[in-house]
Structure formats: C-alpha cells, structure tokens
Amino acid sequence: TDGNFADGSVTATNLDPNSWWQVDLGSSAAVSSIVIWNRTDCCGSRLNDYWVFVSDTPFLATDTPTTLQNRAGTVASHQTAAPNPSTTIAVGARGRYVRVQLSSANYLSLAEVQIFGQ
C-alpha cells in the first residue's frame, strides 16, 4: 500500500492507450470487493478515469473498456475519481480474472490491488 514510486512499490506503464494491469486468481472465486491503492508521491490524478473488470473468461491483450464493459459474464465498474489514497469497489460476483484498465491514453500507476472474497 506504499504509494511512493521511489520505494519500488508502484507499477508504471508507458504512455499507452488503455493501459492495464491484471491478475489470474488461479480459479474462479466469489469476489466481494476490490481495493485500489493509488500512487501518493505525485501523479495521483492519472488514475482518475479507469475500469475494473472481473470475469471467468480470460482477457485479451487487445481488449479495451469498450469491448469489455458489455461483454457477457464480465462485471464492469467505471471509476471516475482517483483513489486518495485508496478506494473500495463492491463487486459481488464470481471471477478468476481481474483487470484494472485506463479509459484512455495515460501512464497506469498502481501501488496495490487487493481482492477480497472466498
């Protein structure tokens, strides 16, 4: 949850369209909530327009928020405020794959993504 990039605890992508981070939980799980921790040393506003997706179907590298937000079996949550320093997103669905994806071109910086459920 350390949001200081200099501490080696924050991800950073290139300035790409729809940058994303994702995890494979290894099997389908009941996901109750997801906590997103933002960068805190600077640039926190970069994470002010992003999506969180949960699905049992793998995501493709080419998937965008436009292709995923209405995909059958995928839970989509659009976030329009930067976590300060964190935000909790209620999910209440099953899924194996979790993706955090920017809505447009920017650097994606995440300090931590915590996934809660069973």
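Things to note:
- Per-residue SASA entry for Ile36, accessible area with 1.4 Å probe, Å² rounded to 10: 0 Å²
- Computed with a 1.4 Å probe over protein heavy atoms only, the accessible area of Trp20 comes to about 90 Å².
- In the context of the full protein assembly, Asp56 retains an accessible surface of approximately 80 Å², using a probe radius of 1.4 Å and ignoring ligands and nucleic acids.
- Protein accessible area in the chain, 1.4 Å probe - carbon and sulfur %: 49 percent
- Solvent-accessible surface of protein heavy atoms, probed at 1.4 angstrom with all chains present, puts Phe53, Phe116 in the order Phe116, Phe53, largest first.
- 1.4 Å probe accessible area per residue over the chain, in Å²: 50 Å²
The values are calculated or read from the model by the stated rules, or taken from the named source; none is laboratory data. All of these numbers come straight from a predicted model, not from anything done at the bench. We work out accessible area using only protein heavy atoms, side chains counted, and drop any ligands, DNA or RNA first. Shrake-Rupley method; radii C 1.70, N 1.55, O 1.52, S 1.80 Å.
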